[in-house]
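The values are calculated or read from the model by the stated rules, or taken from the named source; none is laboratory data. Bear in mind that the values here come from a model prediction, so they are computed numbers and not experimental data. Glycine gets a Cβ as well: all are built from the backbone with ideal geometry, and neighbour counts include every protein chain shown. We work out accessible area using only protein heavy atoms, side chains counted, and drop any ligands, DNA or RNA first. Shrake-Rupley method; radii C 1.70, N 1.55, O 1.52, S 1.80 Å.
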Amino acid sequence: MATSQFSASCSRTRPFPHYESRSRLIDFTCRSSKSKLFFTRSLNRKQSRRSFSVKSVSSEPTQKLKDPIADEEASTTLSSLTTDAASVASSIKYHAEFTPSFSPERLDLPKAYFATAQSVRDSLIINWNATYDYYEKLNVKQAYYLSMEFLQGRALLNAVGNLELRGAYAEALNKLGHKLEEIASQEPDAALGNGGLGRNDVSYPVKFYGKVVTGSDGIRHWIGGEDIKAVAHDVPIPGYQTKTTINLRLWSTKAPSEDFDLNAFNSGEHTKAYEALGNAEKICYVLYPGDESIEGKVLRLKQQYTLCSASLQDIIARFERRSGASVNWEEFPEKVAVQMNDTHPTLCIPELMRILIDLKGLSWKDAWNITQRTVAYTNHTVLPEALEKWSFELMQKLLPRHIEIIQLIDEEVIGTIISEYGTADYDLLEKKLKEMRILENVDYPEAYADILVKPKEIEPVEEVEIENVEKVESLDEEDKLGEESPDEKEQVLPEPVPEPPKLVRMANLCVVGGHAVNGVAEIHSEIVKEEVFNSFYQLWPEKFQNKTNGVTPRRWIRFCNPDLSEIITKWIGTEEWVLDTEKLAGLRKFADNEDLHSQWRAAKRNNKLKVVSLIKERTGYSVSPDALFDVQVKRIHEYKRQLLNILGIVYRYKKMKEMIASERKEMFVPRVCIFGGKAFATYVQAKRIVKFITDVGATINHDPEIGDLLKVIFVPDYNVSVAELLIPASELSQHISTAGMEASGTSNMKFSMNGCILIGTLDGANVEIREEVGEDNFFLFGAKAHEIADLRKERAEGKFVPDPRFEEVKEFVRSGVFGPYNYDEMIGSLEGNEGYGRADYFLVGKDFPSYLECQDKVDEAYRDQKKWTRMSILNTAGSYKFSSDRTIHEYAKDIWNIQPLELP
């Protein structure tokens, strides 16, 4: 639940948190007495305002620590940052001695980590303050990226690297008896309990429930209900080779202290006394809580509104402060850009409207104009379940003023559609309204109720000649006499048809309320225009654009893969590629150089040895570094098709078992197949797939006949830090989603950047990666996006004939070879022609034969290490387009209208 603020910044600054954000673990209140993340403070204790002017260490009381660098003592002040190892060591020692969190006797790892982190934070805060002082002075336009999550990974090494102090910190810690890497490993990935620097002086009220009344001034007032407080927590994000340090602002939630019921507590009703505080704090306990219950839905909607309300109040307060005595709201879009990361922050549209109209006194027309010019929307998915729809009744109860505003926006949309298409062709008009309205299954507003009435069709009446009325009447009487009485015949009443639920379509609200809509890969943006939001695209084509995702080359190659980085710098002749990734293309001219090949393979092997240790530590399994490392790490979802991967492995295992040892060795390249990822808490099928992978691994990994020819590993607790080890070591990476279903992906970019070859479908950013690295350096298989609809139709009509190998592998799974667990539900999802959870919606069976044949090509290529290494080099050389630097420049230019700004 976070807002990243950044302004027009120096062109050498790229401190932008990237998109791959699917963790459910982020919480922004720290619940332990010791925070492990260096910029986190406990919220459970009152904190005094801390001075950041550090005295000379030599003037402090005698240290209890043994000083191995006494002769190199240096005076360090925060007003004059020094970067030599002696000064860094003094700063670390200062924080080690004067922290109350550890005993003073020794500098063990946890204490050394804490002191190191505090030392780095000192450096960050100098630049952080300077950055925002300069922004404040110039009153520049700032962009605010609203997202429920920023999965940024560990911060210490990233900060030290961006500050270009890695060498100084490594040397200083070495003199203090520690290694930088060991210190850094003490930091957990930012997630549950890690919440930034607490800003107790920055908080905003957030309201739920209550009612809306009209005051004597004619203004709508939202009163009563439940009030909580959102408290800011800030994470400094440093740029690379620049002073610019921007802010990631997180929000925690708590109730006002007066809501603690002391009388109830003293009466022994402890739970009741804490109820209000607990209700407020639980908003930030778990991100994306299970929402199958009404309580889960309420909690998720509270999370989304808290992010939007607190962030907008904060943004508006800054705008008003910088505007001084005369606030001109017409200038708001000239100073503020708000980017909604998917539909989770959609409520910022009605919230901005509410603040402008109810609190600032603007007219509807002016507020709507300002909102539309300020807000923009990034779509990240084409999956229907991810295009959020909220219960109208729930939102009406929880956010009564916002539902009024949404109804008025819906009315605006209806008016626009009628103005555009007229009422002559009612069927066309009805189709457009059904697709484009914000509200679903909700009656039309009164203003349009009479206009939007479908004309009644008059059915022709046939004339019937009745010659003998008496005879007809007599027949009627006979019929009546022949009928059974109610007692003789039980009446069967038709079952009532339930009314469809009234819903608020958040994606439609995003498109209507913003001035720009973008997808995150070229193929995805086309699907957004042609399928997901086609009616909107026809009406407002100027709104739609593409912004292909990117990843930072600092974290994802320079810092996580230092061996390869040194090789790249040596052969290109400059380290400028870290900021200007187009220089990576310079590797192409050395793609056949045997010396480069030798160095390239050595770097890869060193990285593989690190993963061998990781696997042993996390799973207990031993794997060979000489095997091909085949990796699929991403969110567990049926469309990402981990099931296709593991069924391919099962088929490979079955074929191995049918051969004698010599045949196996001749036929198959040794592989270590690595999986990792997380799934939504209530996604049962995803959990079945994880269970299946681990069962297959347990069987294969203990099979003495197979040995090192095949291993299957599921890395537990996959996170950014694990990715930073796995990606540099990977040789083949699987991006095998059903074509047309992946928006972009970003791990595919990270793998390619690190010289890993991809196997995948023409989906998401795979399409552009293949174009950049070359078709011969990408293993392609599977159906194309434009074929998917017809293939599903073919399946529904019973015309699909599965490949015998697919039937063979399913039967092998059902044989029980992988243990007693019943996998009928999982396998059943791949069978049948219709029905929920059936009919192989994600086309695993259709693509299975193509996938197996492509894997044979992988084996063939890997046997020729010269060819494989060349392909690897060309992947890195062709990955330059996928830097987040390029992506952010495009957002800044095309959507936010901000220019680079360099700090003096």
Seminar exercise, completed: Normalised Cα Rg of the chain, dividing by 2.2 N^0.38 Å with N its residue count, works out at 1.07
Problem set entry | Percent accessible area from carbon and sulfur atoms, the stretch 619-866, protein chains only, probe 1.4 Å | 52 percent
Exercise. Just the Cα atoms of the stretch 619-866, one point each, no solvent: what log10 I(q)/I(0) does Debye give at q = 0.08, 0.11, 0.14 Å⁻¹?
Worked result: -0.29, -0.56, -0.95
Seminar exercise, completed: Under 5 Å from the placed amide H of Tyr718, counting only residues 5+ away or on other chains, we find Gly677
Exercise. About its Cα centre, how strong a charge dipole does the chain have in debye, to the nearest 20, once Lys and Arg get +1 and Asp and Glu get -1 at the Cβ?
Worked result: 5900 debye
Exercise. When ranked by the protection proxy of mean other Cβ atoms within 10 Å per residue, highest first, what sequence do the peptides 618-624, 147-153 form?
Worked result: 147-153, 618-624
Problem set entry | Cα-based radius of gyration of the stretch 820-864 once divided by 2.2 N^0.38 Å, which approximates compact folds | 1.60
For this session: Taking the dipole about the Cα centre of the chain, with the C-beta of Lys and Arg at +1 and of Asp and Glu at -1, give me whichever of Pro188, His515, Thr253 is farthest to the positive side.
Result: Pro188
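Would you work out if the stretch 595-697 is rounded, prolate or oblate? Take a ≥ b ≥ c from the square roots of the eigenvalues of the alpha-carbon gyration tensor; rounded if a/c is under 1.5, else prolate when a/b is larger than b/c, oblate otherwise. The partial results should precede the final answer.
On the way: a/c = 2.08, a/b = 1.28, b/c = 1.62.
Oblate, since a/c reaches 1.5 and b/c is not below a/b.
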Exercise. How large are Rg and Dmax for the stretch 497-607 when only the alpha carbon atoms are used, in Å?
Worked result: 22.8, 74
Exercise. Using a 1.4 Å probe on the protein chains only, how many percent of the accessible area of the stretch 80-224 belongs to carbon and sulfur?
Worked result: 52 percent
Seminar exercise, completed: Computed over the stretch 619-866, protein heavy atoms only, probe 1.4 angstrom, the accessible area per residue in square angstrom equals 37 Å²
For this session: Could you sort 713-726, 213-226 so that the peptide with the highest average Cβ count within 10 Å comes first and the rest follow in order?
Result: 713-726, 213-226
Exercise. Where the Cα atoms of the stretch 641-724 are projected onto their three principal axes, how long is each span, largest first, in whole Å?
Worked result: 44, 28, 20
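Test of understanding: express the Cα radius of gyration of the stretch 767-904 as a ratio to 2.2 N^0.38 Å, with N the residue count.
Expressed relative to 2.2 N^0.38 Å, the Cα Rg reads 1.54.
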